[in-house]
Amino acid sequence: MNATVALIDGDVAARELEARGLQGAGLAIEQFDCARAFFSATAPPGPRCAVVDAGLPDMTGQQFRAELARRGLDVPTMFLVGEAQVDLAVSLMKSGATDVLVKPVNDAELLRRLRRVVGESSHSKLRP
């Protein structure tokens, strides 16, 4: 079964660019502008992973991870951070993030890491 990728980023242009790149590879994509919208949405059937901008307007990356845990959701989570946010990246990894990428994101690198993340966390696949 294929995993659905939830893109959660308040920057509409960045989110849509990432979505186009992943959809071009044949992936199922959900888009959300904030964490609240993600947690309010009905989850799609099957496995899911999330790519989350660490600078969301309504929740920090650590709060996002804590909310996943509070709800008992096992969602592999990759965070996107700015170049100068090394301390934040380390903190996110310590809080349970699956991976951290620096913005701007290269589509090929994002796809490669998503495939690795989903392969490590379940028997599902991200495939075109």
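Over the chain, DSSP H runs of length four or greater, each weighted -39,500 (n - 2.57), average out per residue to a 222 nm ellipticity of -12500 deg cm²/dmol.
Computed over the stretch 4-121, the P(r) tail beyond 17 angstrom holds 50 percent of alpha carbon pairs. Computed from the alpha carbon atoms alone, the convex hull of the stretch 1-72 holds 80 Å³ per residue. Between Arg112 and Glu67, the modelled label-to-label distance comes to 3.2 nm, taking each label 7 Å out from Cα in the direction of the beta carbon. Once the C-beta distance of Asp58 and Glu83 is scaled by a Förster radius of 25 Å, the resulting FRET efficiency is 0.60 to the nearest 0.05. Structural descriptor for the chain: relative contact order 27 percent, calculated from alpha carbon pairs under 8 angstrom and at least 6 residues apart.
In terms of Cα atoms, the Rg and Dmax of the stretch 1-43 work out to 10.4, 30 Å. Around the amide H of Val51, modelled in the peptide plane, lie the amide H atoms of Ala6, Leu7, Ile8, Met78, all under 5 Å away and 5 or more residues distant in sequence or on another chain. Amide H contacts of Gly82: Lys103, each under 5 Å away and 5 or more positions distant or on a separate chain (H built 1.01 Å from N in the peptide plane; Pro and chain starts excluded). Near Asp11, once Lys and Arg are set to +1 and Asp and Glu to -1 for all other residues with Cβ below 11 Å from its Cβ, the sum equals -3.
Laboratory data are not the source of any read-out in this text; all were calculated from the coordinates shown. In this text the structure is predicted, and so the values were computed from the model without any measurement. Reconstructed Cβ throughout: ideal geometry from the backbone, glycine too, with neighbour counts over all protein chains shown.
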